[in-house]
Amino acid sequence: MTKGDLLERDNDLAALEAAFADACAGTGRIVLVSGEAGIGKTSLVESFAARHHDTARVLRGYCDPLLTPLALGPLHDISRSLGTDLAAQIDRGARTSTLFAQLLDTLLAPIRPAILVVEDIHWADEATLDLLKYLGRRLDAARVLLIATYRDDEVQRHDALRLLLGDLATVRIVERLQLARLSRDAVRALARDRAGDTDAIYSQTGGNPFFVTEVIASEASGVPATVRDAVLGRAARLAPGGMAMLDLAAVIGARTEYALLEQFPDIAAAGLPECLALGLLQDTGTGVAFRHELARNAVLEAIDTLRRRALCRDVLAGAIRAGYAEQGYAARLAHYAEGAADAGAVIRYADAAGRTASRVGAHREAVAHFHSVLRFSDGRSTAERATAATNYARECAVVDQLADAIAGYRQAVALWSDLDDPLKHGETLAALAWPLVRHGATAEADTAAAEAIALLEPLGPTRQLAHAYRTQAHLRMLDRDTARAVEIGGKAIAMAGGLGDIPTLAGAEMVVGAARLVSDDAGGRAQLDRCLDLARDNGLDELTALARMNLGSAYGEQYRFAEAEQELLIGLAFTRDHDLDHSGHYMSSWLALTLLFQGRWKEAAERAADLLDQPDLAAISRIMALVALGRIRTRRGDPGAREALDEALTLARSTATLQRLAPVHAARAEMEWFAGDPGAVSAEASAVFDLAAARRHAWHSGEFLYWRSLAGETLSHCDWAAAPYALQIAGNWKAAAGLWRARGCPYEEARALAAGSQTARLRALELFDALGAAPAAASLRRTMRADGRRQVPRGPRASTRNNPFGLTNREMTTLGYLVRGFSNAGIADELFISAKTVDHHVSAILGKLGAASRKDAAEIAVQEGLYAKNGEEPA
C-alpha cells in the first residue's frame with residue numbers, strides 16, 4: 001500500500017479536510033489522531049499534508065522513543081523548518097513562555113494558513129505537552145490546523161498525556177479521529193497479487209495495516225505469526241552490507257539524519273541502496289527512516305547485547321563528530337552513551353540534558369536524566385555525587401515524587417556533611433524541608449529547617465541563610481503561627497534585601513504578608529502587593545501565582561468572600577495565561593469554597609467536581625475541593641458527603657497543619673449535626689480546637705465553639721472568636737444574622753435567623769428553600785411545628801426545580817453515557833478521566849436518583865425527561 005493509495009481512509013481524510021477548511025476561514029482547529037501501533041496514523045497525515053504543500057505551510061515535529069525524550073524535541077524540528085533560532089534559544093535557556101509565544105506569533109503570521117503536525121505524542125516530554133496545551137488554548141482565531149498523533153493504548157500509562165487529553169477535551173476547537181483497522185475486503189484487495197490464502201492474512205493480522213503490508217512484502221511461504229517475524233523475514237534477504245546498515249539505523253533511532261550517516265561512509269555505501277530498494281528504509285529528504293517504529297524495534301531486538309553496545313559506542317562517537325552536542329541533542333548523546341555503558345559520557349550529556357529539560361519545564365525528563373547521572377556516579381568525587389543527588393532530588397520534588405526527593409536530599413545532606421561543607425550542608429537541609437512538609441512529615445521539616453539555620457548562621461549573611469529563614473517562616477505560616485512567621489520572615493526580608501536576592505526577598509514578603517492577612521492584619525496586603533510588584537518586574541511568574549493564591553485563600557479564610565472571589569478570579573486568569581495549573585487548581589478549590597459560602601451552590605459543586613476529576617491533583621487542592629463538595633452535599637442532603645469528607649480527613653491528617661485540618665473538621669462537625677449525633681459533633685469540633693485557640697484563629701475557633709455549643713457543651717467565654725459565631729453562641733441571633741448578611745453568607749444568615757422570632761424563622765425558611773438546603777429547612781419546619789405554629793409554609797415541590805435530582809454537570813454527562821450503554825471504562829476513555837473517578841460519579845448518580853443499578857438509573861433518566869433513549873439531552 002503506497003502513501004498515495006490509502007484504503008478505507010476516505011472519511012478520515014474528509015474530516016481532516018473539513019478541519020482545514022475551518023482553519024483557512026479563521027477558526028483554528030485541533031485534530032487528535034489516535035489508534036494502535038501500525039494503524040496508519042503517519043500515512044494518513046502524510047497523505048493529507050502532501051495535498052496541501054502548495055496551499056499551506058506544513059510544519060512537522062517528532063517525538064522520538066529515546067530512553068528519556070529530548071526536551072521540546074518537536075520544537076527543534078519545527079524551528080529548522082521555519083529557519084528560526086528557537087532551538088538555539090532552548091539551549092540558551094530561554095523561558096518556555098518566550099519560546100511558545102514566538103512559535104505562536106510565527107503561526108499567526110498573515111501569510112498562508114499553517115498545518116502543524118506533532119507525531120507520536122505518547123513519547124512526548126512534559127514541555128512538549130505543555131506546548132500543545134498552550135497552543136490548544138490560543139488557536140481558536142488562528143488560520144492553523146494542529147494535528148497530533150498518538151497511540152491510544154499508551155494513554156493510561158502516560159499520566160501527563162492523559163492530563164493533556166483531558167484538558168483538550170473541554171476545548172471547543174478540538175476533535176478526535178480514531179482510526180479503525182482494515183476490513184477483510186481491504187486486506188483481500190491489498191493481497192490480491194500474493195499467492196496464498198488472503199483470509200489467513202486477515203485472520204493473523206486482524207487488519208492492522210502495517211502488519212498486513214509487512215506480511216505481503218515478506219514473500220514468506222506462510223503467514224508470519226508476528227510483525228517481528230515479518231520484518232526479520234524481509235531483513236533476511238539483505239546481503240551482509242545491507243544488514244550492517246539496517247542494524248546501524250536501528251541503533252541510531254527512528255530517523256537517521258544524513259549529517260550523522262556521513263560519519264559512516266563505508267557502511268552507507270555498502271548497504272543503504274539495498275535497504276532502500278527493499279523498502280526496509282525510506283528516504284525522508286533529510287535522512288533515512290524505518291517505515292515504522294515496530295520495524296525498527298524488531299531489528300533492534302535481534303541485535304545481540306555486545307554488538308549493540310559496540311554500535312552505540314560508534315554512534316556516540318559519530319554524533320559527537322557531527323556536532324550534536326553543540327546542536328542541542330544532549331539527550332540523544334546521553335541515550336547512546338547509556339547504551340555504550342560509557343559512564344563519563346552519560347554523566348556529561350545526561351547532566352546537560354537534565355539542565356535543559358529543567359529550564360524548559362520538562363521536569364519528568366529532568367528526573368530521568370539526573371537519575372542516570374546518579375546511577376553512573378560511583379567512583380566520582382564526593383562533591384560530584386552530592387551535586388548529582390541534589391539535582392535529582394530537586395526535580396523529583398517538582399513532579400511530586402516526594403519519597404524519591406526526600407531520599408535524594410538525605411543522600412546529599414550526608415555527603416555534604418562528610419565533606420564538612422556547612423554552606424552546602426545547610427542549603428540542602430533547607431531544601432529537604434519542602435518535600436518533607438508536602439509528604440506530611442511536618443515535624444521532620446521543622447527540624448530540617450532549624451538545623452539548616454543552625455549551620456548557616458555562624459557563616460554570616462548569605463543567600464542560603466536568607467532562603468532558610470524564608471523556608472522556616474513559610475512552615476510557621478502554614479501552621480498559622482503568625483508571630484513566629486512574621487519574626488523569622490522579617491529576618492529573611494532584611495537579609496535577602498541586603499544581598500540583592502530578589503526571589504528570596506519576594507518570597508519572604510509573600511510569606512509574611514500571607515501570615516498577617518490570614519490573621520486579619522490589614523498590613524499583610526501591602527506586603528503581598530510588594531511581592532507581586534517584585535515578581536512582575538523580575539519575571540517570577542510562579543511566585544506571582546503563589547502570591548495571588550495566598551491573597552485569595554487568606555481572604556477566604558477570614559470570611560471576606562467578595563474580596564476572595566475577586567482575587568481568585570484575577571489569579572485564575574493569570575494561571576491560565578501562563579499555564580500554571582498547580583496554582584490554578586488550588587485557587588479553583590478555594591473559589592469553590594468561596595462560592596459555597598456565598599450561597600452559589602451549583603457553581604461551587606460544579607467547580608469542585610470538575611477539579612476532582614483532574615488526574616494527579618495535588619493533595620492540598622483535593623482537600624479543599626472535597627471540603628466544598630462535602631459541605632454542599634451535607635447542606636443539600638445529597639448522598640456522598642461522608643465519603644468526600646472521609647477522604648479529606650485522611651489527606652489533611654498527613655499534613656498535620658491547622659490550615660488543612662480545621663476546614664475538614666468543621667465540615668465534619670456540620671455533617672454529624674445533621675446525622676443527629678451530638679457526641680460526634682463535639683468530637684469533630686474539639687479535634688483541633690486547642691491548636692486553633694493557641695494560634696488565636698478567630699474563625700476556626702469561632703466555628704468550632706459554635707458546633708460545640710449546639711452539641712450541648714458548657715463553654716467558657718472566648719474573646720477572640722469571630723463576632724458572628726460569638727453572637728450566635730451568646731444567643732444574639734439578630735446581630736449575628738446582620739453580620740452574616742453583611743458578609744454575603746445567606747446560609748449562615750438563615751441559620752442565625754432560625755434561632756429567632758417567628759418572623760425571623762419564616763425568613764430563614766425562605767433562604768433555606770431558595771438555597772435548596774432541604775435538611776436545614778426540614779429541621780426548622782419540625783421545630784416550628786413543635787413550638788405550636790400551625791401554618792408552616794411548605795417547601796418547593798421537587799418537580800418544580802431545575803434538575804430536581806441535584807446532579808452536577810459531570811454527573812449529567814456521565815448519566816448520558818449510562819443511557820447509551822457505555823461501561824465505566826468506556827466512559828473513562830471518552831472523558832479522559834480514570835475509571836475510579838467514573839465509579840465515584842456513577843455511585844453519586846445512583847444515590848441521587850434512588851436507583852438500584854445502572855440500568856435503573858438509565859430508565860429513570862428517560863422517564864424523568866433528563867435524556868432521550870439515545871442518550872441525547874431533550875431540547
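The values are calculated or read from the model by the stated rules, or taken from the named source; none is laboratory data. The structure presented is a predicted model; accordingly, all values stated were derived computationally and were not measured. Neighbour counts are summed over all protein chains in view; Cβ atoms, including those assigned to glycine, are modelled from backbone coordinates with ideal geometry. Side chains are part of the model used for accessible areas, which takes the heavy atoms of the whole protein and leaves out ligands, DNA and RNA. Shrake-Rupley method; radii C 1.70, N 1.55, O 1.52, S 1.80 Å.
Sorting 550-560, 707-717, 807-817, 29-39 by average packing, meaning the other beta carbons within 10 Å per residue, from highest down gives 550-560, 29-39, 807-817, 707-717. Counting only heavy atoms of the protein chains and using a 1.4 Å probe, residue 100 has close to 10 Å² of accessible surface. Between residue 157 and residue 487, the simple label model (points 7 Å from Cα in the Cβ direction) yields a spacing of 5.5 nm.
When a/c is below 1.5 the answer is rounded, else prolate if a/b is larger than b/c, else oblate, so apply that to segment 259-381 with a ≥ b ≥ c taken from the square roots of the Cα gyration tensor eigenvalues. It comes out prolate by the Cα gyration axes. Between residue 112 and residue 170, the simple label model (points 7 Å from Cα in the Cβ direction) yields a spacing of 3.7 nm. Surface composition of segment 634-684: carbon plus sulfur atoms hold 53% of the accessible area, using a 1.4 angstrom probe and ignoring ligands, DNA and RNA. Counting 0.36 nm for each residue step from residue 835 to residue 341 and taking away their Cα separation leaves a gain of 173.8 nm.
Our helix-only sum for the chain, with -39,500 (n - 2.57) per DSSP H run of n ≥ 4 divided by its residues, gives a mean residue ellipticity at 222 nm of -20500 deg cm²/dmol. Extension gain, residue 542 to residue 825: 0.36 nm times the residue separation minus the Cα-Cα distance gives 98.3 nm. In this structure the chain gives 40 Å² per residue of accessible area when probed at 1.4 Å with all protein chains present.
Heavy-atom surface analysis with a 1.4 Å probe gives segment 805-875 a carbon and sulfur content of 48 percent of its accessible area.
Extension gain, residue 680 to residue 197: 0.36 nm times the residue separation minus the Cα-Cα distance gives 166.5 nm.
Close lysine pairs were tallied over the chain: pairs 8 or more places apart or on different chains with Cα atoms under 22 Å apart number 8. A probe of 1.4 angstrom, applied to the heavy atoms of all protein chains, finds residue 743 with accessible area near 90 square angstrom. Applying 1/(1 + (r/R0)^6) with r as the Cβ-Cβ distance of residue 533 and residue 758 and R0 = 45 angstrom yields a FRET efficiency of 0.25.
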